[in-house]
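Undergrad: Pasting a structure here, questions to come.
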Protein chains: 2
Amino acid sequence: MRVIFNEEMRQVADDMEQMAAAVSAAITGAGKALLGPDLDAAQAVIEGDQVIDQLESSVIDQCVQLLAKQSPVATDLRIVVSTLRLAATFERMGDLARHIAEAVRRSYPDPPLPPEAHELFQDMQDFLDQMASRLVTMMADRDTKVAECIIVDDDKLDKLHQQTFDLALSDKWEGSKQQMIDLVLLARFMERLGDHGVSAARRVVYIVSGFDPSKDPKDLEDID
Amino acid sequence: MRVIFNEEMRQVADDMEQMAAAVSAAITGAGKALLGPDLDAAQAVIEGDQVIDQLESSVIDQCVQLLAKQSPVATDLRIVVSTLRLAATFERMGDLARHIAEAVRRSYPDPPLPPEAHELFQDMQDFLDQMASRLVTMMADRDTKVAECIIVDDDKLDKLHQQTFDLALSDKWEGSKQQMIDLVLLARFMERLGDHGVSAARRVVYIVSGFDPSKDPKDLEDID
């Protein structure tokens, strides 16, 4: 039974790696769309979200079948349940990248943000690009060290997120009201991508080590 | 085995009813906090979120134990997996209500929104209060008719959400930049509460009937 579990779980793991790669591409694509603005990049992210949704459905179906046929217990059960939740997290990250791309498409050919916001959003995007790349490595290698880097670094993104409000409230801001609305929404989507990246990293730590870092009281805030 | 499953699942169902009631209280409390502004109501929502988080942990633990000890299949398995996802949805609704309460606390004693936004946010809140009440009935009675009302009505909230942007862009708007930021965030939190309510309703339909309304292609957008 154990052999079958590992074989079938390997298939699920392959799909999860594909999901991580698709989410990573969506994040970098959304950034390219936003900072261009680049309509083709936006369109690719919007269309690519369906692939992420389909991968989630496939992972759920496989996990439910695995639970039904093999009745895993202990570590195996923990892996299956955590994988279900990890797939939901990746699916949500795809939605958020799509929201960014949709905002770009709405305002195109104008950029959704005024020039004075470009540098700050580039910094946020640089952060997310690094996180996206780490997510792929983490999933491919089940690397908890990389997962821990994602968890530890998140407050950098939170600080950048706060700076978007500071910019909008400052005299430097010359954007329109619509750009103010877009700034708040886009910054929120990017910050949520970071939160979900942390959530994904925690689930991988839990899958690999059995230790659940989300049970650390100081880290319980607003992850999912 | 089936008897034990039903007994243990009854305990989980009780916790889920408690979760629905706590989420409902958080939603109405957040509205009271916002439209007062009422600091005590805000504080109660912020503190109450921990109870929702604990209920989610308890539901997850019970479901995992149930999977390990009883290896449910078919309908029983579907109920357990859907319950796990429903608990995650409720937990996220608690977070969103807390975010609204935190925004109220930040700006108190000033209201976070200018007077011209009051009526529109009251309309959104009336919608959410009705949804909150329906969530409780739906969970207590496993009532798919009520669940379907939640699903069908959601576009009303989406229209109100769009109107918040229209208001901010119109000449009627006299709020500050900070109030503009808060309007965008608060409206987003409320719209997300509606989305998650729909997600919860769909899961209950699935649990009760075995038919998954989220597989309807036209409804696939942005639910979780």
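The values are calculated or read from the model by the stated rules, or taken from the named source; none is laboratory data. Note that the structure is a prediction, hence the values are computed from the model and not measured. When we count neighbours, we look across all protein chains shown, and the Cβ atoms used for this are built from the backbone with ideal geometry, even at glycine. Heavy atoms of the whole protein, side chains included, go into the accessibility calculation; ligands, DNA and RNA do not. Shrake-Rupley method; radii C 1.70, N 1.55, O 1.52, S 1.80 Å.
Undergrad: Which of A:Lys177/B:Lys177; A:Lys32/B:Lys177; A:Lys177/B:Lys172; A:Lys69/B:Lys69 have a Cα-Cα distance over 19 Å?
TA: A:Lys32/B:Lys177
Undergrad: On a 0 to 90° scale, report how tilted helix B:2-35 is relative to the longest principal axis of chain B, with both axes built from alpha carbons and the result rounded to the nearest 10.
TA: Computed tilt is about 0 degrees.
Undergrad: Need one number: convex hull volume per residue for the range B:89-186, Cα atoms only, in Å³.
TA: Convex hull volume per residue, Cα atoms: 99 Å³.
Undergrad: Once you average over the residues of A:156-162, how many Cβ atoms of partner chains fall within 10 Å of each Cβ?
TA: 0
Undergrad: Regarding the range A:1-72, what whole-number volume in Å³ per residue does the convex hull of its Cα atoms give?
TA: It comes to 61 Å³ per residue, whole-number rounded.
Undergrad: Now, a different point. Return the Rg/Rh value of the range A:57-141, two decimal places, where both radii are evaluated on C-alpha atoms and Rh is the Kirkwood radius.
TA: Result: Rg/Rh = 1.17.
Undergrad: Something else about it: About the Cα centre, and with charges only on the beta carbon of Lys, Arg (+1) and Asp, Glu (-1), how big is the dipole of chain A? Nearest 20 debye, please.
TA: Dipole about the Cα centre, nearest 20: 560 debye.
Undergrad: Once the principal axes of the Cα atoms of the range A:45-106 are found, what is the range along each, listed largest first in whole angstroms?
TA: Principal-axis extents of the range A:45-106 (Cα, largest first): 48, 16, 9 Å.
Undergrad: Now for a different question. Between A:Val152 and B:Thr75, how high is the FRET efficiency from 1/(1 + (r/R0)^6) when r is the Cβ-Cβ distance and R₀ = 51 Å? Nearest 0.05.
TA: Efficiency, from the Cβ-Cβ distance: 0.75.
Undergrad: OK, next. Return the average number of partner chain Cβ atoms within 10 angstrom of each residue Cβ along peptide A:176-184.
TA: Going residue by residue through A:176-184 and averaging, the value is 4.
Undergrad: With a 1.4 Å probe, how much accessible area is buried between chains B and A, both sides summed, in Å² to the nearest hundred?
TA: Rounded to the nearest hundred, the buried surface is 3100 Å².
Undergrad: Have a look at the range B:75-92 and report residues whose accessible surface goes down by 40 Å² or more when the remaining protein chains are included, against the chain on its own, probe 1.4 Å, ligands and DNA/RNA excluded.
TA: Those residues are B:Leu77, B:Val81, B:Arg85, B:Arg92.
Undergrad: Given the Cα atoms of chain B, and with Rh set as the inverse mean 1/r over their pairs in the Kirkwood sense, what is Rg to Rh to two decimals?
TA: 1.02
Undergrad: Where the label is 7 Å out from Cα toward Cβ, how close does A:Asp40 come to the same position in every other copy, in nm, shortest first?
TA: When each copy's label point is compared with this one, the spacings are 6.2 nm.
Undergrad: Report the residue, chosen from B:Ser209, B:Ser199, B:Ser107, that carries the largest GNM mean-square fluctuation when chain B is represented by alpha-carbon nodes joined by springs under 10 Å.
TA: Comparing B:Ser209, B:Ser199, B:Ser107 in the GNM, the peak value goes to B:Ser209.
Undergrad: Counting other Cβ atoms within 10 Å of each Cβ, which trypsin sites (Lys or Arg not before Pro) in the range B:151-181 have at most 16 and sit in a DSSP loop?
TA: When the trypsin sites (Lys or Arg not before Pro) of the range B:151-181 are filtered for loop state and at most 16 Cβ neighbours within 10 Å, B:Lys172 remain.
Undergrad: Quick one: among A:Leu120, A:Leu169, A:Leu193, which has the greatest mean-square fluctuation in a GNM of chain A with alpha-carbon springs under 10 angstrom?
TA: A:Leu169
Undergrad: Of A:Phe189, A:Phe121, A:Phe165, which is the most mobile in a GNM of chain A whose springs link Cα atoms less than 10 angstrom apart?
TA: A:Phe165
Undergrad: Inter-copy label distances at B:Glu116, 7 Å along the Cα→beta-carbon direction, one decimal in nm, shortest first?
TA: Between copies, matching label points for B:Glu116 lie 2.2 nm apart.
Undergrad: A further question follows. Say a label goes 7 Å from Cα toward Cβ at A:Asp171 in every copy; what distances in nm does this one have to the rest, shortest first?
TA: Nearest first, the other copies' label points are 3.0 nm away.
Undergrad: By how many degrees, 0 to 90 and rounded to 10, does the Cα axis of helix B:39-70 deviate from the longest principal axis of chain B?
TA: Once rounded, the angle reads 20 degrees.
Undergrad: Quote the Stokes-Einstein diffusion coefficient, in whole µm² s⁻¹, for the protein assembly as shown, based on the Kirkwood radius over alpha carbon pairs, a temperature of 25 °C and a viscosity of 0.890 mPa s.
TA: Estimated diffusion coefficient is 109 µm²/s.
Undergrad: Could you give the accessible area per residue of the range B:1-110, probe 1.4 Å, as a whole number in Å²?
TA: 40 Å²
Undergrad: Still on this model: Treating the angle as unsigned and between 0 and 90°, give the value, to the nearest 10°, between the Cα long axis of helix B:177-209 and the longest Cα principal axis of chain B.
TA: Between helix and principal axis, roughly 20 degrees.
Undergrad: Same structure, new question: With +1 on each Lys and Arg Cβ and -1 on each Asp and Glu Cβ, how big is the dipole of the protein assembly as shown about its Cα centre, in debye rounded to the nearest 20?
TA: Using only the charged Cβ atoms, the result is roughly 1040 debye.
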